[in-house]
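Worksheet: the structure to be examined is printed underneath.
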Amino acid sequence: MLRTFAVCSLLLCTFAAKADLQSAMRAHTAKDYASAKQQFRALLPIRNEVAAYKLGLMAYNGEGEQQDIIQAAAYLALAKELHHQQADVLLQRLTRGFAEGQKAELESRLSALRDGLLVNEVKANQDLTRLLIDDISVPKGTKIFRKEASYPPQAAKSGISGYVKLTFVIGRNGTVQAADVVESNPVGLFDKSALKAIEQWRYPGQPNTRVASVQLDFRLDSCQNGAVRADIAKNQLLQLALTNSPNPQYRLSQALQQMAVCTNATLRHNHAFAEAQSYISPVYDKKLASIPNSTLGVKGLAQINVSNRGVIKEVISSSSEHLADKILGKRVDQDVRAGEYLLQSLDPDAVFLQPILYVPQTQYSRYWLLQAAKNGHRDAQWILAQEDQSWLLYLVAKKDPQALAWYGARQYTAGKTSEGMALLDAALAQNFMLANNIKRALLE
C-alpha cells in the first residue's frame, strides 16, 4: 500500500541528514553513537533491515543511551519483518520473559516504527518494466513512430554494448518535448544518441500531456562481455557489494545490466541457485538470437511460458488481467523455442519477445540496485522512483530537485496543475534547469 506524507506538505517536509549504511557503520565503529544512531534512523524509512538490527543492538547495549530492552526488541522485531537473518534469534532471547505489559508496549513501539516506513517493499523479480513503465494510451487504428537510435561510431568500433533509461514528456500533439536521462551505462556513451532518437518519436495526439519512461538498449551482434567482467574483477565489485557498500552495489548493478544487454535476454534471479561470491555467472556469456516481432494484436507487458510449438501455455505475470486472458493459448511463432519469455509491446502490430534467463540473486542487477537504494545510494533510489511512487515521494520529501520536477510533471498531467507548477518551481529554485523545459512542454 502506498504511504502518503500526511504530516506535512511535500514542499515543506524534510528528513534527517543524508546517510548511507557505510557512513553509519563507520560512525558506530568510531563510537560516535549519536551520529550512528541518527544515520541508522535515517535509513529506517527506506526499509533498511541492517539499520534496524544495529539500532536494536545499540538500544540493548546502551550505546549512547540508557539500555532500553523494549526499544531494542522493537527494532529487532522490525529488522525481522524486513528479513534480517539474525534478528529473530536475539529477539526471542530478549522477549522470552516479557510480562503482558511489556509485550503490549513492544507492540505499540513496533507499530510506530512500521508507520515510519515510507517506501513499499519491492521484490527483486517484481519489475516487468524493461521497455515501458507508463501505460501510454494509443487509440485503435493509430501508430507510434519510434526512430531507432544511431550507434555511436566509437562504441561500435570497440564492440561496446550498453543502455540508457529515460523519462520524458509527450505533448498534446504527440511529440516528445522534454527528456531526461535517468541512468545509463557506460555513463554518457549512448546518452546523446538516445536523446536525439527519442526527440523524433511520435505518439498519437491526445487532449492532455503525458509522462513516460523507457529503456533503450544498444547491442551489436559482435558484443562481448569480457571487458565488463574484467572491470568487475579488477575493482572487486562483487566482493565489495557483499559488504553492504552502496557505491560498489550500484556499480555492480550497472555492470550486470550492461552484460544482460549483450546476452539479448531478460535476466531474473532464482533463489534455488547457489550463490556465487567470487565470480560472475557463465549465463552472461550467452548471446541469444533475436526473435522476429509477432502480431498478437495486444499492448502491454507479460512474463510468459511458451510450449515447444510456440504456443503461450502460461502467463506468469502481466500488466493487466485483460492482457493475460487475451494472449493465453495464442501462438507467438512456430520457431520459438520452449521456455520463459518477456512479452512487451507498445504497438499491437509489433509484439517483442525476449528470452528469460535465470541467475543467482547475487548475480542479478536489480537485486544490487535494491540493496544500493536501501543503503542510501541516491541514484539507485531515483531509478526505483520511476516505477514505484513511494520512492518518488520519499525523494520529493527530501527536496531532491530532479524528483521535484518529475513529480510535478506527473501531478500536472493528473490535473493537479497548481501543485505541479509549485513543485517545478521548487526544482528550478535548486537550479534544476530542465524543469523549465518540462514547464514549457506542459503549458504548450
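We did not get these values from a lab; they are worked out from the coordinates using the rules stated. Note that the structure is a prediction, hence the values are computed from the model and not measured. No Cβ is skipped: glycine too gets one built from the backbone with ideal geometry, and neighbour counts run over all protein chains shown.
General observations
- A DSSP coil position with no more than 15 other Cβ atoms inside 10 Å describes none of the chymotrypsin sites (Phe, Trp or Tyr not before Pro) in the stretch 383-420.
- Inter-label distance, nm, simple model (7 Å from Cα along the C-beta direction), Arg114/Asp231: 4.3
- Among the listed pairs Lys165/Lys196; Lys54/Lys374; Lys80/Lys165; Lys399/Lys439; Lys192/Lys374, those beyond 25 Å (Cα-Cα): Lys80/Lys165; Lys192/Lys374
- FRET efficiency for Asp425 and Val187, using Cβ-Cβ distance with R0 set to 41 Å, rounded to 0.05: 0.90
- FRET efficiency, 1/(1 + (r/R0)^6) with R0 25 Å, evaluated for Ile144 and Arg309 via beta carbons: 0.25
- Theoretical ellipticity at 222 nm over the chain - DSSP helices of four or more residues, -39500 (n - 2.57) apiece, nearest 500: -12500 deg cm²/dmol
- You can think of it this way: the chain between Ala156 and Gln67 has 25.9 nm of extra reach, that is 0.36 nm per residue less the Cα-Cα gap.
- Order of Ile383, Ile356 - criterion: other Cβ atoms within 10 Å of each residue's Cβ, fewest first: Ile356, Ile383
- Sorted by Cβ density within 10 Å, fewest first, the residues Ser108, Ser319: Ser108, Ser319
- For the stretch 21-115, the Kirkwood hydrodynamic radius comes to 13.1 Å, computed from all pairs of different C-alpha atoms.
- Counting all C-alpha pairs of the chain, share separated by more than 29 Å (%): 53
- Seen from all directions on average, the stretch 246-372 presents a Cα convex hull projection of 8.2 nm².
- In terms of packing, defined here as the mean over residues of other Cβ atoms within 10 angstrom, the peptides 65-77, 20-32, 42-54 line up highest first as 42-54, 65-77, 20-32.
- Restriction of the trypsin sites (Lys or Arg not before Pro) in the stretch 260-336 to DSSP coil positions whose beta-carbon has at most 14 other beta-carbons within 10 angstrom yields Lys286, Arg309.
- As a calculated quantity, the FRET efficiency between Ala338 and Asn208 at R0 = 35 Å, using C-beta atoms, amounts to about 0.20.
- Global geometry of the stretch 404-444, whether rounded, prolate or oblate, following the gyration tensor of its Cα atoms and the 1.5 cut on a/c: oblate
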